[in-house]
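Enquirer: One structure, pasted below without further comment.
Quick note: the coordinates plus some simple rules give every number you see, no bench work behind them. Keep in mind that this is a model prediction, so the values were computed, not measured. When we count neighbours, we look across all protein chains shown, and the Cβ atoms used for this are built from the backbone with ideal geometry, even at glycine.
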Amino acid sequence: MIGYWLKHLDELFERALPAALAAHDLSRREWQVLNVLASGDGDPRAALEPFDGVDDALRGLAMRGWTTGHQVTDEGRSAHAAITEHVVRFRRQAADGVSPDEYGLTVDVLRRMAANLEAAYTA
């Protein structure tokens, strides 16, 4: 049952988040890469390792002038701030009725389940 809800939620995020980013003509992956870079979390390839499209997103952001290498430009910081407002509203909508404690517990449970399976099936 958990697999169904995880997959369903991911599909909803994949469909709904582009609408939240449409005003900026930005893909979900470009947003994720820009957010990693703006937060100073290092190389987005490492931070987003399980996802495809990171290199394409890096190129797209550079073409906009929002990044150079792994640095966010002034224009990119301005864009990031504006887009963050849309994403925060989107996240609030997605988590409506879910307390911060429930959200944290859910993430922790999923993290532990993933760790269990990684330990059991990766050598």
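Enquirer: Report the relative contact order of the chain, percent, no decimals, based on alpha-carbon pairs under 8 angstrom and at least 6 residues apart.
Expert: Once divided by the residue count of the chain, the mean separation gives 19 percent.
Enquirer: Here is a further query. Tell me the angle of helix 2-21 to the major Cα principal axis of the chain, expressed in degrees between 0 and 90 and rounded to the nearest ten.
Expert: Here the helix axis deviates by roughly 20 degrees.
Enquirer: Springs between alpha-carbon pairs under 10 angstrom, Gaussian network model over the chain: which of Val109, Val88, Val98 fluctuates most?
Expert: Of Val109, Val88, Val98, the Gaussian network model singles out Val109 as fluctuating most.
Enquirer: If you line up the long axis of helix 74-94 against the longest principal axis of the chain, both from Cα atoms, how many degrees apart are they, to the nearest 10?
Expert: Result, in degrees: 30.
Enquirer: What whole number of Å gives the distance from the Cα centroid of region 37-90 to the Cα centroid of region 106-123?
Expert: With region 106-123 and region 37-90 each reduced to a Cα centre, they are spaced 28 Å.
Enquirer: Separate question: Specify the residue with the greatest mean-square fluctuation among Leu110, Leu61, Leu34, computed from a Gaussian network of the chain linking alpha-carbon atoms under 10 Å apart.
Expert: Highest fluctuation of the listed residues: Leu110.
Enquirer: A follow-up question, please. Need one number for region 44-101: average projected area of the convex hull over its C-alpha atoms, nm².
Expert: 5.3
Enquirer: I would also like to ask the following. For the chain, restrict the atom set to alpha-carbon positions and state the Rg and Dmax in Å.
Expert: Computed over the Cα atoms of the chain, radius of gyration and Dmax are 16.1, 45 Å.
Enquirer: Moving on. Working only with C-alpha atoms, what are the Rg and Dmax values of region 1-47, expressed in angstrom?
Expert: Just the Cα atoms of region 1-47 yield Rg and Dmax of 13.0, 36 Å.
Enquirer: Arrange His80, His70 by Cβ neighbour counts within 10 Å, fewest through most, would you?
Expert: His70, His80
Enquirer: Using helices alone, what [θ] at 222 nm do you get for the chain, with -39,500 (n - 2.57) per DSSP H run of 4 or more residues, divided over all residues and rounded to the nearest 500?
Expert: The helix-only estimate for the chain comes to -24000 deg cm²/dmol at 222 nm.
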